[in-house]
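Novice: What follows is a structure written as structure tokens; I'll ask about it next.
No value in this document is a laboratory result; all are computed from the given coordinates. The model shown is predicted, which means the values in this text are computed figures rather than measured ones. Virtual Cβ from ideal backbone geometry, glycine too; neighbours counted across all protein chains shown.
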Amino acid sequence: MLNDPFTNAQKQIDAVAKHLKIDKSTLTKLKTPDRVLKADLKIKLDNGKVQTFKAFRSEHNNARGPYKGGIRYHFNVSKSEVKALSTWMTWKCATVGIPFGGAKGGIIVDPKILSQGELERLSRAYMRAFYKYFGAWKDVPAPDVNTGGAEMSWMLDEYEKLVGHQEPGMITGKPLELYGSQGRTEATGLGGFYVLEQLRQIWKDRILPKNTTIAVQGIGNVGYWFIEFAKKAGYQVVAWSNSKGGEYKREKITNEELLELPVDILVPAALENVITKDNAGKVKAKYILEMANGPVTPEADEILHKKGIVSLPDVLCNAGGVTVSYFEWAQNNAGYYWTKADVFAKLKAIMDQSFKAVWQIYTSKKVNPRLAAYILAVDRVVQAMRLRGR
């Protein structure tokens, strides 16, 4: 498969291993998920016919805490994709220092062609297939592409029926009425904005909001909130796009054209593998904030680094979502709830600290920013594995 996501994830681990003392056995474990689950979900459609949907759950590593990761509904979901995404979730949680390992799940489906009732039956079927592996201290799912509070509510309800007790901490991204967290909706976009603000602190003379242009590929939840916070701070968002295309200075452009615009900051906030060896050389932005998961391939990383483009990785930039998911989990388990101001303040503290830790490695070791984040994250995971005797 061209740009196979799991192959890319494994290449990234090999690159990190050159900078850390990791024995072959540990390296093999890091490159292989602990468990990959598969199921065929059969549901009755509104027309009375029964249809089968393939579903997956990959649990990568739980040395630092319960597995954590979203569930996406998309026609491009594959075993390779969830394995890669679960691996990246391990590094993301470790980069920001929260007590989770990595997981990811998905269903091969185009949710746009299903009714609300069909989506509910599909969500409950997913939970019935995998519920024995989920739990507040085992594996904690969350929303992802094309899923949200409604799907999480159905899954929570189905899980609690199956286990016979209430356990809101087994899933995050829930509506506030079902013990979700204040600030979760804005969290991923806001976390990316906090990274941008830290970058501005590094280069105050180069990044002045009123003179800094930004292009955002993908205005789903993540891109939307990033734009909202950036605009409020005075940054100039000059281009945006969705799955159908976008605009630049009131002109229609394609998603591919957006990536090559002469802007200061490029924000890929849609899907993986959009910046590759084929187009990395055409990127004109000075900085990239990866708000999608895996939008830059390993080969593209090297090209961007040689061009002097500072490409800040997804495991840092979009970690705001999983960080507030951690807050939701903590609040559920404690039965104590915080205000939105509390959530935002706690998120800023974690994102700021994480940026500084990655930046210190980036500048001291002279590696690209992704490698810097991975050196930090993988070392934390390996230390946890060693302490456990794994």
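Novice: Work out the FRET efficiency for Trp203 and Asp23 from their Cβ-Cβ distance, taking R0 = 30 Å, and round it to the nearest 0.05. Write down the numbers at each step before the final one.
Specialist: Values: r = 39 Å, r/R0 = 1.31.
Calculated value: 0.15.
Novice: Moving on to the next point. What is the sum of charges, Lys and Arg at +1 and Asp and Glu at -1, for the other residues whose Cβ falls under 13 Å from the Cβ of Met170? Each step should come with its number before you reach the end.
Specialist: Working: positive: Lys68, Lys132, Lys138, Lys161, Lys174; negative: Asp139, Asp157, Glu158, Glu160, Glu167, Glu328.
Neighbourhood net charge equals -1.
Novice: In nanometres, what is the gap between the two model label sites at Val36 and Asp4, each 7 Å from Cα along Cα-to-Cβ?
Specialist: 0.9 nm
Novice: What net charge do the residues around Asp205 carry, taking every other residue with its C-beta under 15 Å from that of Asp205, with Lys and Arg at +1 and Asp and Glu at -1?
Specialist: Working: positive: Arg200, Lys204, Arg206, Lys210, Lys286; negative: Asp264.
Spelling it out: positives minus negatives among the neighbours equals +4.
Novice: Also, quick follow-up: Which cross-chain or sequence-distant (5 or more) residues have an amide H under 5 Å from the amide H of Val237, H modelled 1.01 Å from N in plane?
Specialist: Under 5 Å from the amide H of Val237: Ile214.
Novice: Give me Arg57, Arg124, Arg388, Arg250 ranked fewest to most by other Cβ atoms within 10 Å of their Cβ, as a rough exposure proxy. Show your work: numbers first, answer last.
Specialist: Working: Arg57 26, Arg124 20, Arg388 10, Arg250 6.
Taking fewest neighbouring Cβ atoms as first place, the list is Arg250, Arg388, Arg124, Arg57.
Novice: Separate question: Suppose every K and R has +1 on its Cβ and every D and E has -1 on its Cβ; what is the size of the dipole of the range 105-225 about the Cα centre, in Debye to the nearest 20?
Specialist: Details: 13 positive and 14 negative charges, 73 e Å.
With Lys and Arg at +1 and Asp and Glu at -1, about 340 debye.
Novice: Sorting check: for 164-174, 63-73, 139-149, which peptide has the highest mean count of neighbouring beta carbons within 10 Å, and how do the rest follow? Don't skip to the end; give the middle numbers.
Specialist: Values: 164-174: 19.7, 63-73: 24.9, 139-149: 22.6.
Packing order, densest peptide first, comes out as 63-73, 139-149, 164-174.
Novice: Arranged from highest to lowest average of other beta-carbon atoms within 10 Å per residue, in what order do the peptides 89-100, 368-379, 24-35 appear?
Specialist: Details: 89-100: 25.9, 368-379: 24.4, 24-35: 15.9.
Descending packing order for the listed peptides: 89-100, 368-379, 24-35.
Novice: Here is a follow-up. Any idea what the dipole of the chain comes to, in debye rounded to 20, about its Cα centre with Lys/Arg Cβ at +1 and Asp/Glu Cβ at -1?
Specialist: Values: 56 positive and 40 negative charges, 194 e Å.
Roughly 940 debye for the chain.
Novice: Right, something else. In square nanometres, what is the average projected area of the Cα convex hull of the chain? Mind showing how you got there, number by number?
Specialist: On the way: hull surface 76.5 nm².
That works out to 19.1 nm².
Novice: For the range 193-201, in order, what is each residue's ³J(HN,Hα) by Karplus, 6.51 cos²θ - 1.76 cosθ + 1.60 with θ = phi - 60°, in whole Hz (x at glycine and Pro)?
Specialist: So the J values, rounded to whole Hz, are 5, 4, 5, 4, 5, 5, 4, 5, 5.
Novice: Sorted by average packing, counted as other Cβ atoms within 10 angstrom per residue and highest first, what order do 209-218, 13-22 take?
Specialist: Per-residue mean Cβ counts within 10 Å order the peptides as 209-218, 13-22.
Novice: Work out the length of the dipole vector of the range 217-258 about its Cα centre, built from +1 on the beta-carbon of each Lys and Arg and -1 on the beta-carbon of each Asp and Glu, and round it to the nearest 20 debye. Walk me through the numbers before you get to the answer.
Specialist: Working: 6 positive and 5 negative charges, 34 e Å.
Dipole of the range 217-258, to the nearest 20 debye: 160 debye.
Novice: Could you work out the local net charge near Pro298, counting Lys and Arg as +1, Asp and Glu as -1, over the other residues with Cβ closer than 15 Å to its Cβ? Walk me through the intermediate numbers first.
Specialist: Working: positive: Lys11, Lys18, Lys31, Lys277, Lys306, Arg370; negative: Asp4, Asp14, Glu272, Asp278, Glu290, Glu299, Asp301, Glu302, Asp314.
With Lys, Arg at +1 and Asp, Glu at -1, the net is -3.
Novice: Quick one: if the Förster radius is 22 Å, what FRET efficiency do Trp137 and Lys11 give, using the C-beta to C-beta distance and rounding to 0.05? The partial results should precede the final answer.
Specialist: Working: r = 32 Å, r/R0 = 1.47.
Efficiency for this residue pair is about 0.10.
Novice: In whole Hz, with x marking every Gly and Pro, tabulate ³J(HN,Hα) for the range 104-117 from phi via Karplus 6.51 cos²θ - 1.76 cosθ + 1.60, θ = phi - 60°.
Specialist: 6, x, x, 10, 6, 6, 9, x, 5, 9, 9, 7, 4, x
Novice: Students often get this wrong, so check it: of Lys11/Lys210; Lys174/Lys348; Lys286/Lys366; Lys42/Lys161; Lys54/Lys132, which have C-alpha atoms separated by over 29 Å?
Specialist: Working: Lys11/Lys210 39 Å; Lys174/Lys348 22 Å; Lys286/Lys366 18 Å; Lys42/Lys161 19 Å; Lys54/Lys132 18 Å.
Exceeds cut-off: Lys11/Lys210.
Novice: Quick query: amide H of Val145 versus all other amide H atoms, modeled in the peptide plane; which residues come in under 5 Å with a sequence gap of 5 or more or a different chain?
Specialist: Residues meeting the criterion, in which the H sits 1.01 Å from N, are Tyr73.
Novice: Here is a further query. Once Lys and Arg get +1 and Asp and Glu get -1 on their Cβ, which of Phe56, Phe130, Gly389 lies farthest toward the positive end of the dipole of the chain?
Specialist: Looking along the dipole axis, the top candidate is Gly389.
Novice: Most fluctuating residue of Ser241, Ser115, Ser181 in a GNM of the chain with Cα springs under 10 Å: which is it?
Specialist: Ser115
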